[in-house]
Amino acid sequence: MTSVGQILTPIRLADRSFAFPDGTDKPGPLFGGQLLGQALVSAGETVTSDLRPRSLHGDFLRPANDIEPVHFDVDIADDGRRTALRHVRAIQGDTHVAEFTVTFAVPESGPDVPARHSAENATGWPPDDSDDDEVARQVLAWRDTVQRFLALDISFSEEPARAKVLRHGSAPADQTFHVRCRDALPNSPVVRCAAVAYMSDLLLLSTALGPRGLLMGDPSVRAVTTTHSLWFHMSDPGDGWLRYRTAELHAGAENSVCHGSLSLLTGEAIATSVQEGVIRRRHQR
């Protein structure tokens with residue numbers, strides 16, 4: 001199984017063109033978080049070492065697959081005294097699959113973050129007496145599959161939206177869970193921020209499925225991210241468990257806008273995400 005750190009290790013093809021090792025073990029469409037993280041690392045390879053990621057915006061233009069390699073071409077849009085702006089194009093074969101804008105800045109001074117912070121209070125669901133709970137078993141089996149495909153650890157402090165849909169037919173338009181990379185990350189603030197970008201795509205759009213009584217992965221459901229934005233609040237987010245609180249901000253007939261807040265378990269804010277996506281049943285046109 002490829003680790004997130006390996007997924008985010010760039011291979012320089014030319015002065016400002018990069019590729020990456022084979023991605024996760026997830027079959028089918030490429031995980032959008034992988035493109036986000038790799039675009040950020042690619043942009044970071046073209047800035048000075050004193051700069052840290054400040055924001056990332058991605059437009060997903062066409063589906064990418066896990067068969068062909070994706071190349072990332074970086075354009076230098078601006079270099080200031082304490083900031084930098086980069087545009088990144090993701091190309092798969094002859095197809096332009098995504099476009100990214102990344103901003104960097106010299107970090108503000110602040111307290112250091114432990115490299116591998118505590119996992120305390122990262123769990124809580126399911127309860128110990130749930131051995132005979134068929135829904136819990138189904139959700140845990142699904143979680144284990146996602147963890148294996150994406151090289152992540154995922155835990156829940158409350159009953160996840162997926163379990164609520166299976167039990168009640170719907171779920172509220174918000175959920176909270178915990179996530180970390182399964183393996184330790186390289187000692188690089190930019191790569192650690194890229195790992196946050198990778199994780200920020202996890203279950204975000206699926207928050208909008210609960211009120212609709214839908215499940216991510218259902219073959220009758222088409223849920224596709226169109227844009228994803230991320231703002232970093234800490235120049236080095238460390239390497240450990242993060243709490244991810246997500247909520248749907250707007251529910252349209254076929255689209256949704258979701259918001260996410262990533263923080264340390266001790267409460268310090270790491271990043272804020274906003275994602276727009278299209279949600280349709282496959283028989284719709």
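The values are calculated or read from the model by the stated rules, or taken from the named source; none is laboratory data. The shown structure was predicted, so the numbers you read here are calculated from the model rather than taken from an experiment. Cβ sites come from the backbone with ideal geometry, for glycine too, and all protein chains shown count toward neighbours. The protein model used for the area step is the full one, side chains on, heavy atoms only, and it has no ligands, DNA or RNA in it. Shrake-Rupley method; radii C 1.70, N 1.55, O 1.52, S 1.80 Å.
A count restricted to region 58-77 and to residues that are open to solvent by less than 60 Å² (accessible area, probe 1.4 Å) and modelled with pLDDT under 95 stands at 2.
Under the condition of being crowded, with 23+ Cβ neighbours inside 10 Å and either free of Cβ contacts under 8 Å to residues at least 12 places away in the same chain or not in a helix (DSSP H, G or I) (or both), the residues counted in region 206-219 number 1. Restricting to region 183-198, give me the number of residues that are of a type outside the set (Ser, Thr, Tyr) and open to solvent by less than 10 Å² (accessible area, probe 1.4 Å). Final tally of qualifying residues: 5. Confirm whether Glu108 is open to solvent by 10 Å² or more (accessible area, probe 1.4 Å), over 16 Å from Asp15 (Cα atoms), assigned to a loop (DSSP other than H, G, I, E, B) and free of Cβ contacts under 8 Å to residues at least 60 places away in the same chain. Considered against the rule, which asks whether it is open to solvent by 10 Å² or more (accessible area, probe 1.4 Å), over 16 Å from Asp15 (Cα atoms), assigned to a loop (DSSP other than H, G, I, E, B) and free of Cβ contacts under 8 Å to residues at least 60 places away in the same chain, Glu108 comes out as no.
Quick test of your reading of the structure: Pro126 fulfils all but one of (1) in contact with a strand residue (DSSP E or B) (Cβ under 6 Å, 6 or more places away or on another chain); (2) open to solvent by less than 50 Å² (accessible area, probe 1.4 Å). Name the failing condition by number. Answer for Pro126: the failing condition is (1). Here Asp50 does not qualify as charged (D, E, K, R) and touching a strand residue (DSSP E or B) at 6+ places or on another chain (Cβ under 9 Å).
Of all residues in region 85-94, none satisfies being touching a residue at least 60 places away in the same chain (Cβ under 8 Å) and in contact with a Phe, Trp or Tyr (Cβ under 8 Å, 6 or more places away or on another chain).
Do we have any residue at all in region 28-37 that's surrounded by fewer than 23 Cβ atoms within 10 Å (Cβ to Cβ), more than 17 Å from Val191 (Cα to Cα) and among the aromatic types (Phe, Trp, Tyr)? Yes, region 28-37 contains a residue that is surrounded by fewer than 23 Cβ atoms within 10 Å (Cβ to Cβ), more than 17 Å from Val191 (Cα to Cα) and among the aromatic types (Phe, Trp, Tyr).
Here is the figure for region 132-177: residues that are of a type in the set (Ser, Thr, Tyr), outside any strand (DSSP E or B) and more than 18 Å from Ala208 (Cβ to Cβ) total 2. If you go through region 38-52 and keep only what is open to solvent by 10 Å² or more (accessible area, probe 1.4 Å) and in contact with a Lys or Arg (Cβ under 6 Å, 6 or more places away or on another chain), you end up with just Thr46.
Looking across region 262-283, the residues that are farther than 20 Å from Val4 by Cα and open to solvent by less than 40 Å² (accessible area, probe 1.4 Å) come down to Leu265, Thr272, Gln275, Gly277, Val278, Ile279.
Considering Arg245, Arg180, Arg222, the condition of being assigned to a strand (DSSP E or B), at pLDDT below 95 and either among the basic types (Lys, Arg) or open to solvent by 30 Å² or more (accessible area, probe 1.4 Å) (or both) is satisfied by Arg222 alone. Scanning region 203-218 for residues that are farther than 17 Å from His168 by Cα and under 14 Å from the mean Cα position of the chain (by Cα) yields a total of 3.
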